[in-house]
1. Work out how far the C-alpha atoms of the range A:15-121 reach from end to end along every principal axis, then list the three figures in whole Å, largest first.
2. Once the other residues with Cβ under 12 Å from the Cβ of residue C:578 are scored (Lys, Arg +1; Asp, Glu -1), what is the net sum?
3. With viscosity set to 0.692 mPa s and temperature to 37 °C, compute the Stokes-Einstein D of the range C:222-287, Rh being the Kirkwood radius across alpha carbon pairs; µm²/s, no decimals.
4. Let a ≥ b ≥ c be the square roots of the eigenvalues of the Cα gyration tensor of the range C:379-487; is it rounded (a/c under 1.5), or, if not, prolate (a/b larger than b/c) or oblate?
5. Please rank C:535, C:108, fewest neighbouring Cβ atoms within 10 Å first, as an exposure proxy.
6. Once you have the Kirkwood Rh of the protein assembly as shown from its Cα pairs, apply Stokes-Einstein at 4 °C and 1.567 mPa s and quote D in µm²/s.
7. Using only Cα atoms, locate the centre of the range C:368-445 and the centre of the range A:55-85, then give the distance between them in Å, rounded to an integer.
8. Return C:208, C:496, C:18, C:133 ranked ascending by Cβ neighbour count within 10 Å, so the fewest neighbours appear first.
Amino acid sequence: MAYSDKVIDHYNNPRNVGALPKEDPNVGTGLVGAPECGDVMKLQIKVNDSGVIEDAKFKTFGCGSAIASSSLATEWVKGKTLTEALAIKNTDIVKELSLPPVKIHCSVLAEDAIKAAITDWKKKHGPKD
Amino acid sequence: MDYFEVFGLPRILGIDLAVLEKTFHELSRKYHPDYFSTAPPAEKTQAVRMTALLNDAYRTLRHPVRRVEYLLTLYGFKADGSKVPQALLTEVFEINEQLEEVKAGRASVEEIDSLRAQIKEKRERFDAELQEASLRWDELVKSGASEPARKEHLARLAEILSESSYIRNLERDLDKS
Amino acid sequence: MPKIVGIDLGTTNSLVAIVENGAPSVLPGPDGSKLVPSVIYFDGAGQVLVGDRAKEQMVENPKNTIFSIKRFMGKDIQDVREDLPLLPFEVSSESEHVIRLKIFGRDYTPPELSAFILRELKRNAEAALGDEIKNAVITVPAYFNDAQRQATKDAGRIAGLDVLRIVNEPTAASLAYGLDKRKQGTIAVYDFGGGTFDISILKLREGIFEVLSTSGDTHLGGDDIDEILIRLVLGDMGAAPSSPERIPAIRKAVNKAKEDLSAADSSEIIIESLQYRRTITRAEFNKLIERIIERTLKPCRQALQDAGLNPNELDEVVMVGGSTRIPLVRQKVQELFGRVPHTELNPDEVVALGAAVQADILAGGQRDMLLLDVTPLSLGIETMGGVMSKIIPRNSTIPASATEMFTTFIDGQTNVKIHVLQGERELVKDCRSLAQFDLKDIPAMPAGMPRIEVKFLIDADGILSVSAQEQRTGKYQSIEVKPTYGLTDEQVEQMILESFEYAEADIEARLVIEARNEAETVLNATMKGIADEQYANLSDEEKAEITAASKNLRELMKSTNHQTIREGIERLSNATMHLAELIMNTAIAKALKDKRVREIDNE
């Protein structure tokens, strides 16, 4: 089959599905969408005092590759610093999951979601970072 | 040959459906493979290809949303998700969560009806917006507006499509569940 | 222009029709009957009977009398598993991709079995028209998928027919309906046959028959009603395990009761061989079959929705198919559409007549009429996580096409697999797999670099073809197609070859040829006899009878029934008996005389 086992695994057993308290000052929430297919993806991070992402949750309404991409994104950001998390590129997700070309936008969505969550956290913590 | 050319139309969005249908029938009579069953194989193949193109064009152009989507692809525009307002995304996310309840069979009839009405109202608002922007495009084309002005309006059309696509998807999902 | 016939290859009955002088008519078989039961009987000694004579064998020889083969077209063993308990046929263990029935140790696929019916229709048409028939339009249920359509085309090829077009049955019916009265407006065709159900909504305008939407169920028909009644009878007989040999007798009896109940308020199911008898009222019958009829209504609503119409926007609901004779069907249809359905067309013949009209269009006879049909099912490809991505939506006017771009994931990758599906559901596993396409010999490039444009084309028969081109090199890609269901081209070729062998072994055909040859000989002999001087010694009555019997035999020679020809031969032989005696006697006398002369000479 053209799709990697990893994709199918992430699709069938998505990791870190759920929500973190939005109002928690340590939580950053990113909400992004892909208009082609109407997918919406919510990705949340919880950042500890040393600036490390200690938890991440997501909820995605969309196709299998969108779910797999966001599932993978939450796995990857956990344990990373914000700077490290910002370095995750959609191409990394494409490579890891072997996404077909028609589904590359799903990986873009996941990258955008990480960025949006970090931006939201930063907004809560002022311009100090 | 693009779909507009198939019908001998300029790239405008205000299309009279009755005229489109009439042309569709006329062209079908000209190209349909039924009239080429005794022709040499090459002509037969050509008739099938041409009719397929005609049918694809008619299917696309007669539909007000598909028509705009097609126009945008002709100019290399793609729906861009990053410009969709957060407020709309939040709303879409919430509706999706309600839809999840409906799909799981946990919603009451009243809840489903209210959700349906909510989505329909939004879709109708987008339809009106799209129609207005489509007419504006035609005006720009007819008045020979500058390239940048046209590009800007195409971007606007892409934006409306992006926003409305979420709602249309929701409506389709609700119909299915 | 060679003649093109229209064929309705039905689950229960099949018909062949043609347009002559602008009007379509069904061509009867040698026995004068227009309906050829879609039943095939194998006697085990090389003889194959089709039609009424095969149907007579159903009760006596259930295992080798095949019926309702249409339900197996384009299917494999998994698809028909639930039907098998009530069917007396033996299924071959080699039934992957295509189901195969084992008859006297030989495996037959549904297209091969259907080809027997098509050959019979071809022969009937040839006899009626006095002309060889090579081209045909064959109808299929509108909701038939790609594999089922392809199987029908294969059947045509095996039967020696060039299938110029596959036409949807309800659409064909609409052609026949709209033909004479130049009808305009929006109509629904409700086609409920022996094995399949279709609903099609069409717009008729100035000779253009445009299908707006279609829906249906290819496994829903009169057979399902029969099965409910069979189960009722089996239930009455108690817990005793039902041997499959009993079923045909039961099927025959319940079928008769079902037909009776279309006119009468009650009927009796009588199976003498099983000493079974039971009265069934129409009310009881209605209650039993209601669930089946209800199942036809959902596709009707779907078709209306897809066409964007309310029932009151329809101008007419046209009823087609034998099962629409059932009063409850008419009642339910009337309730759903809010109008009395149009039942004036002969539900058995209208599809064949319409097929003949389409054949006439193809032959160039009807330039002002044109049929614009649609594909009943969405076409898609498999994407991520087993999800189907639609590329041509259902109810798209055909021919229709779609183009998709594909690329590689790995550097230097030279193969890409594409899985093509048909269906409406979101997940691949709920759709019908059509084929796996293997794009091969892609120029080696870094991952993501090749741009392979794949074009999917659904032709006017509703059958898919695929072509591919690599955009950077402009090279056409070779595609290897592995159909999920159905036969490969090589297999069909092989079956065509085998069918020729079969045709030689086809005793009925050979008997007809032999009878015709013999008739020819007898007629020639008669001509010689008339020229003989002994002819003058016959009475006037005798002479008149020879003339009449000769004329009669010339007429009967056109028949495809060898017995009919033989009857003619016998009459002429009897008529010429006296003349033959006279000639013979003089010949003998002459021979004896000659002999004597020779003997004398030799001595």
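Bear in mind that the values in this text are calculations on the coordinates, not laboratory data. These numbers were taken from a predicted model, which means no experiment stands behind them. A quick note on method: Cβ atoms are made from the backbone with ideal geometry, for glycine too, and the neighbour counts reach across all protein chains shown.
1. Dimensions of the range A:15-121 along the principal axes of its Cα atoms: 40, 23, 21 Å.
2. Net of charged neighbours comes to -3.
3. 276 µm²/s
4. Prolate is the answer for the range C:379-487, as a/c is 1.5 or above and a/b outweighs b/c.
5. Least to most surrounded, the residues fall as C:535, C:108.
6. 40 µm²/s
7. Using only Cα atoms, the two centres lie 30 Å from each other.
8. The order, fewest Cβ neighbours first, is C:496, C:208, C:133, C:18.
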